[in-house]
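> Next up is a structure, given as structure tokens.
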Amino acid sequence: MLILEVLGTLSLRDETRPVPVAAQQKRPLGLLAILGLSGRQGLARDRIEAYLWPESSGARAHHALDQAVYAIRQALGSDLILSTARELRLNPELVQVDIWEFEQAMRAAQWTAAVGFYKGPLLDGFHFADSHELESWIDTNRSRLRLEYQKAVECLANLAAKARDHSQSVIWLRRLANSDPLSADATKKLMLALAATGDRAGAVKHARLYQELVRQELEMEPDAEIADLAAALSRHAITERVATPPDNRSVTPSVTAPTLEVKQRSPRDRRVLYAVIGLAMLISAAAIWGWMRPAIHPGDGLGRGDGSGCALVGTSCHLA
């Protein structure tokens with residue numbers, strides 16, 4: 001099965017064998033692209049001749065078309081191009097065209113499949129002979145297909161947002177913005193999606209990039225709504241930073257926590273708490289003093305003979 005791709009860079013490949021060089025030449029490949037773009041119904045011979053040989057007379061253009069069809073049939077098979085006296089079309093049983101698959105997926109609302117077939121703008125980077133009529137026809141279809149692609153991407157972004165998968169929504173909306181970088185609408189949607197994920201700085205950054213691009217490419221001032229939205233997101237981010245108290249946790253939370261708690265108590269509760277804290281400190285000081293005090297021996301004459309001094313030493317060791 002031959003695979004003809006016209007979405008993005010024009011290419012022709014075969015799933016089983018290399019494509020002959022004769023079919024890769026500009027004129028035969030251009031003819032295949034035109035037939036692929038014309039759909040399964042094909043295109044009138046006179047229109048093809050006007051597109052590819054605009055400066056030639058009717059007879060010469062007709063002969064040139066016959067020669068191109070013959071070369072393709074010799075290289076790729078006699079049944080690849082089906083013809084009548086007035087029309088030419090590709091045989092759908094022998095060739096798969098990405099634009100056909102894309103449009104079928106769009107009609108079936110299979111958004112993910114449609115986006116997968118769209119590799120880029122129609123015939124991107126491929127130039128035919130100097131034919132204004134052909135270029136106009138291609139430009140019209142290029143814009144139509146890009147809008148359909150953007151519709152599919154936006155549907156996927158909306159579905160992700162409804163599922164609260166904001167990160168995936170951002171991914172789709174980035175593709176939407178990349179397909180039309182000068183679109184204020186796509187820029188706003190991406191900014192709002194980024195803000196929904198908490199990335200307000202990223203939303204503001206994208207707004208700045210859009211504004212610079214519009215000034216450079218269009219030499220005009222960008223949409224004021226973009227600047228307003230960026231300013232609103234910046235203020236929101238600043239407000240959040242101010243409203244959130246700094247994380248000044250001490251290395252001694254056991255002292256800090258009671259202090260903060262005391263401020264919220266009544267005067268009577270505070271007096272009781274202070275008394276308890278003071279008593280705890282006094283007990284701790286006595287324990288420490290007892291631990292540091294040297295042991296008293298009977299011969300020192302400093303303790304009573306009833307052994308109370310040893311009892312105190314024993315107590316301090318237990319506390320330690």
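> How many nm is it between the label spots at LEU94 and GLN74, if each spot is 7 Å from the Cα in line with the beta carbon?
In this crude label model, LEU94 to GLN74 measures out at 1.6 nm.
> Using a probe of 1.4 angstrom, how much of the accessible area of the range 35-159 is carbon and sulfur, in percent?
Carbon with sulfur: 49 percent of the solvent-accessible area.
> Given points 7 Å out from each Cα along the Cα-Cβ axis, report the ARG215 to ASN141 separation in nanometres with one decimal.
4.0 nm
> I want to check the label-to-label distance for SER183 and PHE126. Put each point 7 Å from Cα in the C-beta direction and report it in nm to one decimal.
So the two model labels end up 2.4 nm from each other.
> Just flag the chymotrypsin sites (Phe, Trp or Tyr not before Pro) in the range 113-168 sitting in loop per DSSP whose Cβ has no more than 16 other Cβ atoms within 10 Å.
When the chymotrypsin sites (Phe, Trp or Tyr not before Pro) of the range 113-168 are filtered for loop state and at most 16 Cβ neighbours within 10 Å, PHE126 remain.
> Work out how much length ILE3 to GLU225 would gain on full extension: take 0.36 nm times their residue separation and subtract the Cα-Cα distance, in nm to one decimal.
Result: 75.5 nm gained on full extension.
> Run the reach check for LYS189 against lysines, Cα to Cα strictly under 25 Å, same-chain hits fewer than 8 apart removed. What comes back?
LYS119, LYS151, LYS162, LYS205
> If amide hydrogens are placed 1.01 Å from N in the peptide plane, which non-local residues have theirs closer than 5 Å to the one on VAL97?
The answer is LEU4.
> Quick check: residue separation of ALA113 and SER57 times 0.36 nm, minus the Cα distance between them. What number comes out in nm?
15.8 nm
> Would you work out the charge dipole size for the range 151-207 about its Cα centre, treating the Cβ of every Lys and Arg as +1 and the Cβ of every Asp and Glu as -1, and quote it to the nearest 20 debye? Show your work: numbers first, answer last.
On the way: 9 positive and 5 negative charges, 15 e Å.
Its charge dipole is roughly 80 debye.
> Just read off the accessible area of LYS26 with the full protein assembly in place, 1.4 Å probe, to the nearest 10 Å².
For LYS26, the solvent-accessible surface is approximately 120 Å².
The values are calculated or read from the model by the stated rules, or taken from the named source; none is laboratory data. Bear in mind the structure is a predicted one, so any value in this text is a computation, not a measurement. Cβ coordinates were reconstructed from backbone atoms using ideal geometry, including for glycine residues, and neighbour counts include every protein chain displayed. Just so you know, the surface numbers come from the protein's heavy atoms only, side chains and all, with ligands and any DNA or RNA stripped out. Shrake-Rupley method; radii C 1.70, N 1.55, O 1.52, S 1.80 Å.
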